[in-house]
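Here the structure comes first, spelled out in structure tokens, and everything after it is commentary.
The values are calculated or read from the model by the stated rules, or taken from the named source; none is laboratory data. All values reported here derive from a predicted model rather than from experimental measurement. Here the Cβ positions follow ideal geometry from the backbone for every residue, glycine too, while neighbour counts run over all protein chains shown.
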Amino acid sequence: MARMKHLAGFLAGIAVGASLATGAFLSDSVGAAAGEAGAQGQATSTIVFENARVRVKNATFPPGVTPMHTHDLPHVGVVIQGGTLEFRYPDGKSETMKLEPGGAGYRDANVTHQPINPGTTLVRVIEVELK
């Protein structure tokens, strides 16, 4: 039984790794869509993989303000295109983060925030939500 759980975890890890690799090397059409989102000034969050254990999203943050929203699931973010994001919270607090390509971070579930990209270029993150 323990061996089966280990195998299931290993296979889930491969799936997440493959999804991240896919996110890092998305096709030109998805890359073009991310560029178009930046040109239009609208943040996007597109599901690129999902199974019973994880949901992987391609999140783009063009210059400007993204609406306040809540993440229902804990998630790991892997930075694909870096930049600076300021996060504002409902209690009035804020934090500014310099995101470097290849960097990663973690957020707990039920976090509500409003990301703001004060820069002039698109910031892109692959988010892996843990179910």
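Take the conditions out of contact with any Pro (no Cβ under 9 Å at 6 or more places or on another chain), aliphatic (A, V, I, L, M) and in contact (Cβ under 8 Å) with a residue 12 or more places away in the chain and apply them to residue 65. Does it pass? Taking the combined requirement at face value, the residue does not satisfy it.
The set of residues in the range 94-129 being under 10 Å from the mean Cα position of the chain (by Cα) and small (Gly, Ala, Ser) consists of 104, 105. Of all residues in the range 97-111, those that are outside any strand (DSSP E or B) and closer than 17 Å to residue 71 by Cα total 3. The residues on offer are 11, 26, 73, and the sole one that is under 16 Å from residue 128 (Cα atoms), of a type in the set (A, V, I, L, M, F, W, C), at pLDDT below 50 and under 16 Å from the mean Cα position of the chain (by Cα) is 26.
When residue 91 is tested against (1) modelled with pLDDT of 95 or more; (2) farther than 22 Å from residue 130 by Cβ; (3) within 17 Å of the chain's Cα centre (by Cα), only condition (3) is not met. Mind checking whether some residue in the range 83-96 is outside any strand (DSSP E or B), surrounded by fewer than 16 Cβ atoms within 10 Å (Cβ to Cβ) and touching a Lys or Arg at 6+ places or on another chain (Cβ under 8 Å)? No: zero hits.
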